Amino acid sequence: MRLQMRIFYFMVFTACACAQAFAMSAAVCRVDCTSAKITAVSDGDVSIKLTNLDTGKPVDTKSMYVQKRRTSPKTSAIELGELMPSTRYAFTLTNDAGESVAGSFKTSPDYLERTPPPDFSFVVFGHNYFNDKPFDVPFKTEGGEYEIFARAKSTGADFAVWAGGLDTFRNADKASRPAMILRYKKAAENTEAKKVLLNMPNYAAMSGFSFGGLEADSLEPSAQSAIGAFKTFWQPDAFRRASYYTFSYSDVQFFVLDVCSERSNLDFGESTPQILGQQQLKWLMANLKASTAKFKIIVSGMPIANPIKDASNFTFAEKERKSLLQFLTLNKIEGLFFISANKDYSEITRLVRAGAYPLVEASAGATTARPAKEANQTNYFRVPSSLVQARNFLLVKVSGAENDRRISISIITSQNKNAFSLELKTSQLRGE
């Protein structure tokens, strides 16, 4: 009898441990005027309940466009259509085991040719690290101050941009795509991170921290697994099979680059280092030239304007950078602003150009990772006093009358201190 009881309790304990190991987590991904994408990490099938928060009434999901598909044994992609612009929705996801998660989002405004461009704001996260003792380096705590996500949520931002990735892959994660997806899942289970991931749209750039390392290139053994995990979790509306994409909000068009998947470090014979690759560079140039947006924000997992020649900057691909800068100048691309990550300190770079307005780039530093004690590069285009070495996030606001729009950038620390601010008028991004 005692043996039977021991076996029974062992089975119950094991079942509970497994349930805990694969408890449901989720993230709101791309949201536009009439549709939304949500990623669920869970065992089994997932159902969704939707409520219109503006009317307080439940939405009949059986009569609307809802597409659910398994993207891996542990993940589901849920796409909702037939939503209304500028509307708040609440959702609840439930799996076969009865586990559930709840969140909310607001669709973007359908303003074009209807109203003046609405003001909005978004937050930018840099390098993240969620401690996981079995896989971390012993006697070293890399991550902390996770309450920073609550600070970011409290700003009332319309969406979040994860320029430095959701988490940092450990050595063990690089062995397989399932391990990488589990790394995303563990980060998404963080109580503070949930406040952002479940309650506003989230967009991410491919980052070296969640690829294979800051200097890892497309020939790394783990590259294809990292690309697959990125697409599975973030569901970007990418160009063809690539991981770079564009989206718009109000009068701003965002260009989210992939600085890892096409990177080549080889510098020998006819091979020279590249970061974006020929196809992505062509895509970026063509779409920048075609864009009619007031502001064009380029999001990158590494600094583009930073002039220091280093493998952690776009200067590493000297020919690509020169080609892009020449294109921007010759074609007089207006309204450019850059956002980047991959350093453990934040800074604003103002790249002076001959015959054109300066290019301004806000680099997000450590958000939950360990911040640098000192800047390891002497960026001679750094805006004075913009270096911030505490954990922080960026708050970017786009506001003003239709003929007087402006972008303001603030570096906010985990202690909710505004460490640095800068405002850019439309005229400053036209060379007037």
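The values are calculated or read from the model by the stated rules, or taken from the named source; none is laboratory data. Keep in mind that this is a model prediction, so the values were computed, not measured. Neighbour counts run over all protein chains shown; Cβ positions are idealised from the backbone, glycine included. Note: areas computed on protein heavy atoms with side chains; ligands, DNA, RNA excluded. Shrake-Rupley method; radii C 1.70, N 1.55, O 1.52, S 1.80 Å.
Whether a residue is free of Cβ contacts under 8 Å to residues at least 24 places away in the same chain and either of a type in the set (Phe, Trp, Tyr) or open to solvent by 10 Å² or more (accessible area, probe 1.4 Å) (or both) was assessed, and LYS332 does not pass this test. Candidates are the residues of the stretch 48-73 that are open to solvent by 60 Å² or more (accessible area, probe 1.4 Å) and among the polar types (S, T, N, Q); the one that is farthest from PHE233 (Cα to Cα) is THR55. Kindly indicate whether THR94 is farther than 20 Å from ASN202 by Cα, open to solvent by 10 Å² or more (accessible area, probe 1.4 Å), part of a strand (DSSP E or B) and among the hydroxyl-bearing types (Ser, Thr, Tyr). Spelling it out, THR94 is indeed farther than 20 Å from ASN202 by Cα, open to solvent by 10 Å² or more (accessible area, probe 1.4 Å), part of a strand (DSSP E or B) and among the hydroxyl-bearing types (Ser, Thr, Tyr). Total residues in the stretch 375-431 satisfying the condition of being over 24 Å from ARG151 (Cα atoms), of a type in the set (D, E, K, R) and without any contact (Cβ under 8 Å) to a residue 60 or more places away in the chain: the figure is 3. Kindly establish whether LYS74 is touching a residue at least 24 places away in the same chain (Cβ under 8 Å), closer than 30 Å to LEU53 by Cβ, touching a helix residue (DSSP H, G or I) at 6+ places or on another chain (Cβ under 8 Å) and not polar (S, T, N, Q). Answer is yes for this residue. The set of residues in the stretch 107-153 being free of Cβ contacts under 8 Å to residues at least 12 places away in the same chain and in a helix (DSSP H, G or I) consists of LYS133, PRO134.
Those helices (runs of 4 or more DSSP H) of the stretch 171-264 in which 2 or more residues are charged (D, E, K, R) occupy 177-188, 191-197. Looking across the stretch 411-432, the residues that are open to solvent by 70 Å² or more (accessible area, probe 1.4 Å), in a loop (DSSP other than H, G, I, E, B) and within 29 Å of LYS153 (Cβ to Cβ) come down to GLN415, ASN416, LYS417.
Selection of the stretch 289-314 for residues being assigned to a helix (DSSP H, G or I) and open to solvent by less than 10 Å² (accessible area, probe 1.4 Å) yields only PHE314. Do you know which of the residues in the stretch 267-288 that are touching a helix residue (DSSP H, G or I) at 6+ places or on another chain (Cβ under 8 Å) and at pLDDT below 95 is most open to solvent (accessible area, probe 1.4 Å)? Here the answer is THR272.
Restricting attention to the stretch 129-168 and to residues that are within 22 Å of GLY212 (Cβ to Cβ) and in contact with a helix residue (DSSP H, G or I) (Cβ under 7 Å, 6 or more places away or on another chain), the residue that is most open to solvent (accessible area, probe 1.4 Å) turns out to be PHE135.
For the residues ALA172, ALA229, the requirement of being farther than 21 Å from SER340 by Cβ, open to solvent by less than 50 Å² (accessible area, probe 1.4 Å), touching a residue at least 12 places away in the same chain (Cβ under 8 Å) and in contact with a helix residue (DSSP H, G or I) (Cβ under 8 Å, 6 or more places away or on another chain) singles out ALA229.
Per the conditions (1) under 18 Å from SER121 (Cα atoms); (2) modelled with pLDDT of 95 or more, the sole criterion not satisfied by GLU402 is (2). Residue-level analysis places SER264 among those that are surrounded by fewer than 20 Cβ atoms within 10 Å (Cβ to Cβ), farther than 23 Å from SER121 by Cβ and among the polar types (S, T, N, Q). Of the residues making up the stretch 342-382, those that are touching a Ser or Thr at 6+ places or on another chain (Cβ under 9 Å), of a type in the set (A, V, I, L, M) and closer than 22 Å to SER414 by Cα are ILE348, ALA362, ALA364, ALA366, ALA369.
What about GLU82, is it closer than 19 Å to SER35 by Cα, over 17 Å from the mean Cα position of the chain (by Cα), without any contact (Cβ under 8 Å) to a residue 60 or more places away in the chain and loosely packed, with under 15 Cβ neighbours inside 10 Å? So GLU82 fits the description; yes.
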